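Single-structure report; data block below.
The values are calculated or read from the model by the stated rules, or taken from the named source; none is laboratory data. Just so it is clear, the model here is predicted, and its values are computed rather than measured. Positions of Cβ are generated from backbone atoms using ideal geometry, with glycine treated the same way; all protein chains shown enter the neighbour counts.
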Amino acid sequence: MAKKKIKSSWIIIGIVIILVLWLWSGYNTLVKKDETVNAQWANVETSYQRRFDLIPNVVNTVKGAAQQDLSVFSAIADARTRYAGAGSIDEKAAAATQIESALSRLLVIVENYPTLKSQESFLALTAELEGTENRINVERMRYNQDVKDYNIAIRVVPKNIIAKMFGFGAHELFESSAGAETAPTVDFTN
């Protein structure tokens, strides 16, 4: 009888140890995935900051040739301000989309000023801006992939139990704002 109690005690201790190790491992995995998502969003924001640092130079170069279209310049400034004041990923994404729209209109203005397109400083700035836009796209895709991996991890059994126990919530994917698929219209007839 005493041997059965000792054997039962060892079995219970073994099960408790396995459960603790499982919880520990699952928790650490979710923390790593959550931090990966946060780090990748920081990469997206770093790319946005690079864009914001380049935009004033491009705008000032274009302003010299296109004084009459101040609405594009104010739209870019407004979008930068909205991004700086945004609190959530959705608000930042909406502001980034607004900037992309204003940049599209800016590039249409450039098409109407052939002498501007041939200036070395403008060409260098636009090449930098194009590279930055590509980086932003890559970082957004990486962010969405990391969010997808994390969101799957917190939803599948058995990690969903650990996620609920420790309060791990889903992250939102980066999505374009409604209407982002439509190119902006630029009209110089006013």
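Taking residues in the range 68-84 that are farther than 19 Å from E45 by Cβ, and partners anywhere that are modelled with pLDDT of 70 or more, the pairs with Cβ atoms closer than 7 Å and at least 6 places apart or on different chains are D69/I109; V72/A102; V72/R105; V72/L106; V72/I109; F73/V59; A75/A102.
Just one of the listed residues (A170, A178, A153, A163) is at pLDDT 85 or above, small (G, A, S) and assigned to a loop (DSSP other than H, G, I, E, B), namely A170.
The condition of being at pLDDT below 90, part of a loop (DSSP other than H, G, I, E, B), surrounded by fewer than 18 Cβ atoms within 10 Å (Cβ to Cβ) and not aromatic (F, W, Y) does not hold for E130.
Residue by residue, here is whether (1) modelled with pLDDT of 85 or more; (2) touching a strand residue (DSSP E or B) at 6+ places or on another chain (Cβ under 6 Å); (3) within 30 Å of L23 (Cα to Cα) holds:
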{"position": "L70", "(1), (2), (3)": "no, no, no"}
{"position": "S74", "(1), (2), (3)": "no, no, no"}
{"position": "A77", "(1), (2), (3)": "no, no, no"}
{"position": "V110", "(1), (2), (3)": "no, no, no"}
{"position": "P114", "(1), (2), (3)": "no, no, no"}
{"position": "N134", "(1), (2), (3)": "yes, no, no"}
{"position": "D146", "(1), (2), (3)": "yes, no, yes"}
{"position": "P158", "(1), (2), (3)": "yes, no, yes"}
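Would you mind stating whether A124 is modelled with pLDDT of 80 or more and more than 14 Å from the chain's Cα centre (by Cα)? Taking the combined requirement at face value, the residue does not satisfy it. Is there any pair with a first residue in the range 133-156 that is closer than 16 Å to E35 by Cα and a second that is part of a helix (DSSP H, G or I) and among the aromatic types (F, W, Y) whose Cβ atoms are under 7 Å apart and which are 6 or more apart or on different chains, and what are they? Final answer for the pair search is Y143/W41.
Suppose we keep only residues that are of a type in the set (S, T, N, Q) and part of a helix (DSSP H, G or I) within the range 45-68. Which one would you say is modelled with the lowest pLDDT?
Kept after step one, since they are of a type in the set (S, T, N, Q), are these residues of the range 45-68: 46-47, 49, 57, 60-61, 67-68.
Subset that is part of a helix (DSSP H, G or I): 46-47, 49, 57, 60-61.
Details: T46: 89, S47: 88, Q49: 87, N57: 76, N60: 74, T61: 69.
Out of the qualifying residues, it is T61.
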